[in-house]
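To start, the structure itself, in structure tokens.
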Amino acid sequence: INDTINELYRWRKTTNGWGFSSQDSTNVLATAAVVEALYPYRGWNFGSAGTIQSWINGGVTWLRGQQQASGGWGYVNDSGAVVVTPAHSGVATWALYQVASAPANTTTAKSYLLGAQQADGSWGGSAYTTALATRALSRLP
């Protein structure tokens, strides 16, 4: 596991988040996955690299800063605009609850997710996105 954690540290961006690879830009999905994966090791210390808890804290701060005014999270498209999606929002909300108790603004996160639900009860007509949104909503007050 030490080699894996060292790789995750190496891939950590100066923003304190992660991309899908060392060459990728920081993004919500990768950062959320990494902070969740590192959480069980939060008490470990990596010397000059700091504690894993400090890496998690940096990722949490980055994720909280990515929450949009709509309450959701998204990705940056080719034009440089943030596209908020229920999938990104569900993943970010869940990860923040798992490692940091709450997203930056639970009221707007919940409002965004509920507002994005379609008339048929799904999110985007996708079982995967619906599962992510439903899982996140289960944690929101």
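The values are calculated or read from the model by the stated rules, or taken from the named source; none is laboratory data. Keep in mind the model is a prediction, meaning the values are calculated, not measured. Virtual Cβ from ideal backbone geometry, glycine too; neighbours counted across all protein chains shown. Note: areas computed on protein heavy atoms with side chains; ligands, DNA, RNA excluded. Shrake-Rupley method; radii C 1.70, N 1.55, O 1.52, S 1.80 Å.
Summary table
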read-out	value
Residues of region 130-141 that turn out to be within 15 Å of residue 109 (Cβ to Cβ) and either open to solvent by less than 30 Å² (accessible area, probe 1.4 Å) or hydroxyl-bearing (Ser, Thr, Tyr) (or both), as a count	6
Complete set of residues in region 7-29 that are open to solvent by 60 Å² or more (accessible area, probe 1.4 Å) and among the hydroxyl-bearing types (Ser, Thr, Tyr)	9, 14, 15, 25
Within region 30-81, considering residues that are farther than 27 Å from residue 111 by Cβ and not in a helix (DSSP H, G or I), the one most open to solvent (accessible area, probe 1.4 Å)	78
Qualifying positions in region 67-88 - within 12 Å of the chain's Cα centre (by Cα) and either without any contact (Cβ under 8 Å) to a residue 24 or more places away in the chain or closer than 16 Å to residue 34 by Cα (or both)	88
Verdict on residue 97 being open to solvent by 50 Å² or more (accessible area, probe 1.4 Å) and either in contact (Cβ under 8 Å) with a residue 24 or more places away in the chain or not in a loop (DSSP other than H, G, I, E, B) (or both)	no
Selection within region 84-94 - open to solvent by less than 20 Å² (accessible area, probe 1.4 Å) and in contact with a strand residue (DSSP E or B) (Cβ under 7 Å, 6 or more places away or on another chain)	89, 92
Residues that are surrounded by fewer than 16 Cβ atoms within 10 Å (Cβ to Cβ), under 16 Å from residue 139 (Cβ atoms) and either among the acidic types (Asp, Glu) or more than 13 Å from the chain's Cα centre (by Cα) (or both), drawn from region 102-129	105, 107, 111, 114
